[in-house]
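A short write-up of the structure that comes next.
The values are calculated or read from the model by the stated rules, or taken from the named source; none is laboratory data. Note that the coordinates shown come from a computational prediction; the quantities given were computed from them, not determined experimentally. Backbone-built Cβ (ideal geometry, glycine too); neighbour counts: all protein chains shown.
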């Protein structure tokens, strides 16, 4: 019975949180945003006291039930292990305490050093987020696009098409690698990852040692058949000693369900005498974390398309080829409004990719840079940070991107536009343009004459010698008021100069309000 | 239906019946009009209405086939190409049902139209003398202004059309940009003189021009009729613009100038590129109440076909169903009563003009836009939304949420994002190409402002 309740809740949580991660319409977040916010690491980084108290209390009452129900990575491992249809596949093994505590200490150290992404590589929620974001979300979007095509056929607007694109090859590789490691471990030994690598598992394990309730042997009934141990995915039941390593137990209930003697109960653990602990936290690092160091960084690929020149128009119809935009070389990173500063983002973001999947304008993508690995960064080749959108700030569970309203968002300066003379259409082609000024939501761009001394006199244009010149002879170029520019990238994204825009955005280390 | 409408309705029916029994048919040989329920059953092959061009006695079908809006399909690279197989079917079907006038241009369909027509006509199995070919000197680009380029264009037309003479040759779309381009394209380089020589030699059987835009150019052409002897003239006319303050757009003015000089009239855009058939439900009801079985489009064709000086009415029929509907309308033509004519010119025109659609006929003369925009795609989407009631005036509109979603999702479906109105840089290169004199950049900006307001929720 207990197991059934646990299983139902676990599946419900797992499905909903996965939906939360893949949803691009913003629907899920309105109802399910709390599911990301009660995840342990996000709650810790956001200093979300309520959520932390909830998890700690839950663990003190019922052990690591969190790992079996709330943690999506844990449930995913259970699902993988369940696929292996072999009976009695587990056996007891002693705790790898040195490894567990070393990792916990190291992760705490990286957090103290204000680098959240290193821990983020193994934090359960962000690991799961990356797997879903890179592998599941594209499939979800493709399925949506299929439905959109059907809807279009029936003239319905129930679904709309979205772009599916590879946001970062590095994030994909990292996600696939972690998934492979975790899957193999889960297939072979159930919750090995949770009980050796996962720092949240280790920490909750420490807390659960004080847990009020948990599985307890009924020594009078137990015939030491060992069936419980053979079905314990945490490998934490020592039948010979009748001892359960509660720090590794995830409260799955398998042992109780399998016991034919009814000798295992969920009950009060106060009477249980702990045998001498088999391991302690060790300050001495093992120094072996090949997983992390072996991650080679691959350069992002830019799709450079062959340039097609537009021939002079002699016939009607047809569409001109459009050259794809390339990412400019920015000196400084642009981070989303609400993230306060590069530093704040770096120290608080566990790279769960929730914001990246939530971005409806294809602006956010995982960073490839080492000091903020897989954390979100902004670029404007596919869209720009639209003035009516604040979704990333609404979904972030860790306070790396703090909630901002639409009004606040349009007053936050995340960067400023920079003009590149030689690429600008009026300079390069001698044609009038002004699209950037036209589309700037902050009215931070004005058009001024390219030619020196040319000025406007009522309805007329005059040159430096005050001679009137025809309107069409006057070429105007954009000038930027950096004080007003909010760095939204409308100018960069819409600039007709391709593949590189004549106007692009440089980020600000610390955001300002204008 | 109130009493007045009912009386009108029954009056019309009676008048039509009377007309039908008299068998008043322009150039129709058997003159029998018992063809009322022409929406059912097979399309007659021998009832097409014909008009006579007095010059050489050409017996021209009142329905002409415009070779500009051809059906497309995707090639291996995903680019649009003409669906020649379907085009051949349409061509053969039209010929089989009495259509004998085909109007093309070197500029149409990315330059593929003439060749496509040549193939289709040859594949139809009909003799060259069974049909008339109209094509044009479409030397719009300054790079084509010389006499040599003009002659080369004409010779290429013959080659593509697999023939050694052209029945109807037009100076393509004079009037845009005033007299300047006329001088540059046809007069100063001696090209018009050369064309007249070809007419003498019989390689061009009829020489004329098509007109859009500045009425001064039209008046100049009329004033010089004695010199150039226009054998026919192609104008845009329909009931919405029959009377227009701008003479260059007024079908009535253009038409009457030709009648005065006994010049046969070829009509283009009788349906304004479909804008007079894709109308709001309210307007559909307005038409259907009068004749529930007749298509909305048929009114436009009957209207203009009823003008006696009209030689042929061009229609760019993309789909077989368009062709079938038009064949039914004109096999034979049932002329409008005077009452029906007034009803179209006044009540109906006012009603249609009350919708804020953009005057785009989707002719694609503006394309390709050098910055990649799909200009007609944007306008067609906008007009479609106007007609469907999906262009809300404010957030207070009662269908605002639904209309907003339909507009925005439909916009992304109809026009790829990189080709939408927000990419227009206002370079104004499209403006001289538009036969409807639309200020394209301004209209694009209007559409984009609307889109921004929908997206930002500030409407």
| note | In the stretch A:209-226, residues that are touching a helix residue (DSSP H, G or I) at 6+ places or on another chain (Cβ under 7 Å) and surrounded by fewer than 21 Cβ atoms within 10 Å (Cβ to Cβ) total 3
| note | For the stretch A:34-57 the number of residues that are surrounded by fewer than 20 Cβ atoms within 10 Å (Cβ to Cβ) and within 14 Å of the chain's Cα centre (by Cα) is 1
| note | By residue number, the members of the stretch A:358-397 that are part of a loop (DSSP other than H, G, I, E, B), within 22 Å of residue A:27 (Cβ to Cβ) and away from chain B (no Cβ under 14 Å) are A:359, A:396, A:397
| task | Using the structure shown, decide if residue A:158 is more than 30 Å from residue A:233 (Cα to Cα), crowded, with 20+ Cβ neighbours inside 10 Å and within 14 Å of chain B (Cβ to nearest Cβ). | result | no
| message | Contact list please: Cβ distance under 9 Å, first residue in the stretch A:213-224 and in a loop (DSSP other than H, G, I, E, B), second residue loosely packed, with under 13 Cβ neighbours inside 10 Å, pairs at least six apart or on different chains. | response | A:218/A:262; A:221/A:262; A:223/A:260; A:224/A:240
| task | Would you mind finding the one in B:262, B:244 that is in contact (Cβ under 8 Å) with a residue 60 or more places away in the chain, in the same structural domain as residue B:55 (by TED's automatic domain parsing) and surrounded by fewer than 21 Cβ atoms within 10 Å (Cβ to Cβ)? | result | B:262
| remark: For helices (runs of 4 or more DSSP H) lying entirely in the stretch A:1-50, having 2 or more residues that are assigned by TED's automatic domain parsing to the domain that holds residue A:205 and over 17 Å from residue A:66 (Cβ atoms) picks out A:2-22, A:27-37
| Looking only at the stretch A:51-74, which residues are in a helix (DSSP H, G or I) and either outside the structural domain of residue A:244 (by TED's automatic domain parsing) or within 16 Å of residue A:206 (Cβ to Cβ) (or both)? | A:52, A:55, A:56, A:57, A:58, A:59, A:60, A:61, A:62, A:65, A:66, A:67
| task | Check off (1) out of contact with any helix residue (DSSP H, G or I) (no Cβ under 6 Å at 6 or more places or on another chain); (2) within 21 Å of residue B:236 (Cα to Cα) for residue B:357 and give me the number that stays unchecked. | result | (1)
| field | Whichever residue in the stretch A:161-189 is at pLDDT below 90 and buried (at least 19 other Cβ atoms within 10 Å of the Cβ) and, among such residues, is farthest from the chain's Cα centre (by Cα) | value | A:189
| said: Cβ-Cβ under 6 Å, sequence separation 6+ or interchain: first residue in the stretch A:393-412 and free of Cβ contacts under 8 Å to residues at least 24 places away in the same chain, partner surrounded by 21 or more Cβ atoms within 10 Å (Cβ to Cβ). Which pairs? | reply: A:406/A:390
| Within the stretch B:90-128, how many residues are free of Cβ contacts under 8 Å to residues at least 12 places away in the same chain and under 16 Å from residue B:158 (Cβ atoms)? | 1
| task | Would you please name the residue that is surrounded by the most Cβ atoms within 10 Å (Cβ to Cβ), looking only at residues in the stretch B:247-259 that are at pLDDT below 95 and touching a helix residue (DSSP H, G or I) at 6+ places or on another chain (Cβ under 7 Å)? | result | B:248
| Residue count for the stretch B:346-374, restricted to those that are buried (at least 21 other Cβ atoms within 10 Å of the Cβ) and within 14 Å of another protein chain (Cβ to nearest Cβ) | 12
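Quick one: which residue in B:209, B:232 is within 19 Å of residue A:316 (Cα to Cα) and crowded, with 21+ Cβ neighbours inside 10 Å? Reasoning before the result, please.
Values: B:232 fails: within 19 Å of residue A:316 (Cα to Cα).
Just a single option satisfies the conditions, and that option is B:209.
Identify, from the list A:233, A:240, A:210, the residue that is within 24 Å of residue A:96 (Cα to Cα) and without any contact (Cβ under 8 Å) to a residue 24 or more places away in the chain.
Working: A:233 fails: without any contact (Cβ under 8 Å) to a residue 24 or more places away in the chain; A:210 fails: without any contact (Cβ under 8 Å) to a residue 24 or more places away in the chain.
Among A:233, A:240, A:210, only A:240 is within 24 Å of residue A:96 (Cα to Cα) and without any contact (Cβ under 8 Å) to a residue 24 or more places away in the chain.
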| field | Lone unmet requirement of (1) away from chain A (no Cβ under 14 Å); (2) modelled with pLDDT under 90; (3) farther than 16 Å from residue B:450 by Cβ for residue B:341 | value | (2)
| Condition broken by residue A:424, with the remaining ones in (1) touching a strand residue (DSSP E or B) at 6+ places or on another chain (Cβ under 7 Å); (2) touching a residue at least 60 places away in the same chain (Cβ under 8 Å); (3) away from chain B (no Cβ under 14 Å) satisfied | (3)
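So which of A:111, A:139, A:106, A:147 is within 14 Å of another protein chain (Cβ to nearest Cβ) and either part of a helix (DSSP H, G or I) or within 13 Å of the chain's Cα centre (by Cα) (or both)? Don't jump to the end; show me each part of the working.
Working: A:111 fails: within 14 Å of another protein chain (Cβ to nearest Cβ); A:139 fails: within 14 Å of another protein chain (Cβ to nearest Cβ); A:106 fails: within 14 Å of another protein chain (Cβ to nearest Cβ).
Selected residue: A:147, the only one of A:111, A:139, A:106, A:147 that is within 14 Å of another protein chain (Cβ to nearest Cβ) and either part of a helix (DSSP H, G or I) or within 13 Å of the chain's Cα centre (by Cα) (or both).
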| task | For the stretch A:350-383, name all the residues that are without any contact (Cβ under 8 Å) to a residue 60 or more places away in the chain and out of contact with any strand residue (DSSP E or B) (no Cβ under 9 Å at 6 or more places or on another chain). | result | A:361
| task | Keeping to the stretch A:318-333, report how many residues are more than 14 Å from chain B (Cβ to nearest Cβ) and free of Cβ contacts under 8 Å to residues at least 24 places away in the same chain. | result | 1
| From B:45, B:49, residue being out of contact with any strand residue (DSSP E or B) (no Cβ under 6 Å at 6 or more places or on another chain), more than 14 Å from every other protein chain (Cβ to nearest Cβ) and in contact (Cβ under 8 Å) with a residue 40 or more places away in the chain | B:45
| field | residue B:408 being closer than 16 Å to residue B:452 by Cα, at pLDDT 90 or above and out of contact with any helix residue (DSSP H, G or I) (no Cβ under 8 Å at 6 or more places or on another chain) | value | no
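Give the residue, chosen from B:198, B:184, that is over 25 Å from residue B:118 (Cα atoms) and either over 25 Å from the mean Cα position of the chain (by Cα) or assigned by TED's automatic domain parsing to the domain that holds residue B:50 (or both). Spell out the reasoning first.
Details: B:198 fails: over 25 Å from residue B:118 (Cα atoms).
None of the other options fit; the residue is B:184.
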